[in-house]
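In what follows, a structure is listed as structure tokens, so that the remarks can point back to it.
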Amino acid sequence: MILSKFFTLKPVSAAPDYDVFKALLLEYAAHDLDDSKNSTIWQDLTQLPQRYGAPTGGALLAHRGDALAGCGAFAATSHAGTAEIKRVYVRSGFRRQGLARALTLALVAQAKEWGYHTAAISTWPHNVQALALYQQLGFAPIAPFKNHTHAQLVFLGLPLGPAVPSTNLISALPPDDHP
């Protein structure tokens, strides 16, 4: 379990957690996902828990107290050593409180701990808030790491360096961060 000032991030590992994660992904697809009809989220949902499970992926659920606030995940790509940070979703009542940042940092730290040397993200050019966050975290433009039907996606990467196992992911979270 990972704690930030306002949120608790819990790894998804058991079947009930995957049920909650799946429900959040369906909520995300219904409300916030661009071009949800053509999204790979539907394929991902049929491949739970394998898609985001150990040993090549991971997922987190975020809570504030007893309230479910959001989720995020990472998975292997076809490029050796590159993990894609995916499905970072913050429910509307919890936005602008630093949760997307906390989720992204925790997922990056976990990917590094698991031996990935690059964290990669793709998003739409009009998703300016997410792009600003990722750039603040050090992500920079990279060559596409996957084939996608929409050529206008923005591909960003963050070098992770050699994997160094960490027992304290809390230190990766910025104190009192309120984007």
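The values are calculated or read from the model by the stated rules, or taken from the named source; none is laboratory data. As the structure is a prediction and not an experimental result, all values here were calculated from the model. As a convention, Cβ positions derive from the backbone with ideal geometry for all residues, glycine included, and neighbour counts pool all protein chains shown.
A few points about this structure:
- Test result for I85, under 14 Å from the mean Cα position of the chain (by Cα), hydrophobic (A, V, I, L, M, F, W, C) and under 19 Å from L131 (Cβ atoms): yes
- Selection count, segment 1-44, where residues are in a loop (DSSP other than H, G, I, E, B), at pLDDT below 85 and among the β-branched types (V, I, T): 1
- Cβ-Cβ under 6 Å pairs, at least 6 apart or on other chains, segment 143-155 side at pLDDT 80 or above, far side aliphatic (A, V, I, L, M): F145/A120; F155/I142
- Residues that are over 17 Å from A23 (Cβ atoms) and in contact (Cβ under 8 Å) with a residue 40 or more places away in the chain do occur in segment 82-92, at least one of them.
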